[in-house]
Amino acid sequence: MARAKHPKKEIEKALTHLEAQGWTVEPKSSGHSWGIVKCGQGCSASVWSTPRNYGNHAKQLTRLVRKCPHA
C-alpha cells in the first residue's frame, strides 16, 4: 500500500527524494509530527505537518541524505 502524501508540495518532493535514496517514510496517525524518516541504519528525523517555513523544512529533510554517515 502506498503511503499518504504530505499536504505541502515542497515537503512531498523532499520525501520522494529521500525515498529514492533508500530512506523510509513512516506517516504517524497522532501527535504533532506528520511522520518520521529513517535511513535504516540509525538516522531519523521528524516530518512536521505544519512547519513555520515549508521550504526550509524541505531543505532540512533533503540535507539529511548528505549528512548521513551510513551512506
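The values are calculated or read from the model by the stated rules, or taken from the named source; none is laboratory data. Owing to the predicted nature of the structure, the values given are computational and were not obtained by experimental measurement. As a convention, Cβ positions derive from the backbone with ideal geometry for all residues, glycine included, and neighbour counts pool all protein chains shown. Accessible surface is based on the protein model in full, side chains and every heavy atom, while ligands, DNA and RNA are left aside. Shrake-Rupley method; radii C 1.70, N 1.55, O 1.52, S 1.80 Å.
Here are the numbers:
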item: Residues located in the stretch 26-61, provided they are touching an Asp or Glu at 6+ places or on another chain (Cβ under 7 Å), among the small types (Gly, Ala, Ser) and either on the phi > 0 side of the Ramachandran plot or assigned to a strand (DSSP E or B) (or both); result: Gly35
item: Tally, over the stretch 9-32, of residues that are open to solvent by 30 Å² or more (accessible area, probe 1.4 Å), touching a residue at least 24 places away in the same chain (Cβ under 8 Å) and in contact with a strand residue (DSSP E or B) (Cβ under 9 Å, 6 or more places away or on another chain); result: 1
item: Lone qualifier among Ser49, Ser44 - being touching a Pro at 6+ places or on another chain (Cβ under 9 Å) and of a type in the set (Ser, Thr, Tyr); result: Ser49
item: Per-region count, the stretch 33-45, residues open to solvent by 30 Å² or more (accessible area, probe 1.4 Å) and either closer than 19 Å to Lys9 by Cβ or in contact with a helix residue (DSSP H, G or I) (Cβ under 7 Å, 6 or more places away or on another chain) (or both); result: 2
item: Candidate set: the stretch 1-25, residues that are assigned to a loop (DSSP other than H, G, I, E, B) and among the aliphatic types (A, V, I, L, M); chosen: the one farthest from Pro69 (Cα to Cα); result: Met1
